[in-house]
Ligand SMILES: [Zn+2]
Ligand SMILES: [Zn+2]
């Protein structure tokens, strides 16, 4: 064991650059493609902290083998395609434009948090919903609660949530690491109505009587500071907004922008301006295209050709590696 460790240390010393990269692996409906319903992305810090950004409709359940170790689950908002009101029937089933999915009445977010005993990083309003669903899944009588502190070591002993809202900062540190991965909740110019199918029948009926939607406070994006220096902006669904320049670029200095496209938030129209003039990242990853963007892994539609920074598609099950400056060094 000692010799193996020493050999590994030597190997790391020989390739310090590779050891310091953040690994980013989208998991969608069809391996090798970027499909219409794809949103979920796994991030792995060089210290081993691993998290899932929006479980979405992209996992088969909380034990989807592609997940592996998951220390934290990020939830951007309550739309069914993010909190996960449906789950994959099976990986690769259905078409890339319309993957085969079945209901997930507890939400895929709660399924993954429960299966992995993970930390949920989201607002307190949305956490309340997931707390209840995780309790339903566990059925243990031990309610899920907020984590005791805003900085935790992972893995945590029991599933808990971040207790932060807009502007709040939560830190997760791997055992033995000097530094943690820092999560800041940022604004997203969107809405946060919950998928009705996730509510109780009584609540659904009440809402229906008034033609109402139930919102869970503001929807959010994230700025994640990794231990190698990489600063990733995870936009979630959002319209273009001014803080992309002042808060996300000027203050946080995001070097990688992970951007959700789609017709409703409007980034098909405003995305080039948002990225070139406001965010100015070193690299861009596109996801949430709401159409089958690739066929055989190749881009079908002309997508955001006006973006100046190198832009990559969130191809399912392809791992990209980014250095501390936001440059893709492998897998792009
Ligand atoms: Zn949405
Ligand atoms: Zn969406």
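Residue under question is residue 208, and the condition is that it be more than 16 Å from ligand 1 (Cβ to nearest atom), under 23 Å from residue 310 (Cα atoms), surrounded by fewer than 16 Cβ atoms within 10 Å (Cβ to Cβ) and more than 18 Å from the chain's Cα centre (by Cα); does it hold? No; evaluated as a whole, the condition is false for this residue.
Looking for whichever is within 15 Å of ligand 2 (Cβ to nearest atom) and either surrounded by 14 or more Cβ atoms within 10 Å (Cβ to Cβ) or in contact (Cβ under 8 Å) with a residue 24 or more places away in the chain (or both) here; the options are 194, 223, 247. Which one fits? After ruling out the rest, the residue left standing is 194. Checked against (1) in contact with a helix residue (DSSP H, G or I) (Cβ under 9 Å, 6 or more places away or on another chain); (2) over 23 Å from residue 193 (Cβ atoms), residue 164 meets all criteria but (2). You will find that of 300, 280, the residue that is surrounded by 15 or more Cβ atoms within 10 Å (Cβ to Cβ), farther than 21 Å from residue 191 by Cα and modelled with pLDDT of 90 or more is 280 and no other.
Among the conditions (1) farther than 19 Å from residue 51 by Cα; (2) in contact (Cβ under 8 Å) with a residue 40 or more places away in the chain, residue 273 misses just one, which is (2).
Let's see how each residue does on (1) modelled with pLDDT of 95 or more; (2) assigned to a helix (DSSP H, G or I); (3) within 16 Å of ligand 1 (Cβ to nearest atom):
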| position | (1), (2), (3) |
| --- | --- |
| 4 | no, yes, no |
| 7 | no, yes, no |
| 10 | no, yes, no |
| 32 | yes, no, no |
| 55 | yes, no, yes |
| 60 | yes, no, no |
| 83 | yes, yes, yes |
| 87 | yes, no, no |
| 110 | yes, yes, no |
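For the stretch 257-272, the count of residues that are buried (at least 20 other Cβ atoms within 10 Å of the Cβ), part of a loop (DSSP other than H, G, I, E, B) and away from ligand 1 (no atom under 16 Å from the Cβ) is zero.
The values are calculated or read from the model by the stated rules, or taken from the named source; none is laboratory data. In this text the structure is predicted, and so the values were computed from the model without any measurement. Methodologically, a virtual Cβ is constructed for each residue, glycine included, from the backbone with ideal geometry; neighbour enumeration extends over all protein chains shown.
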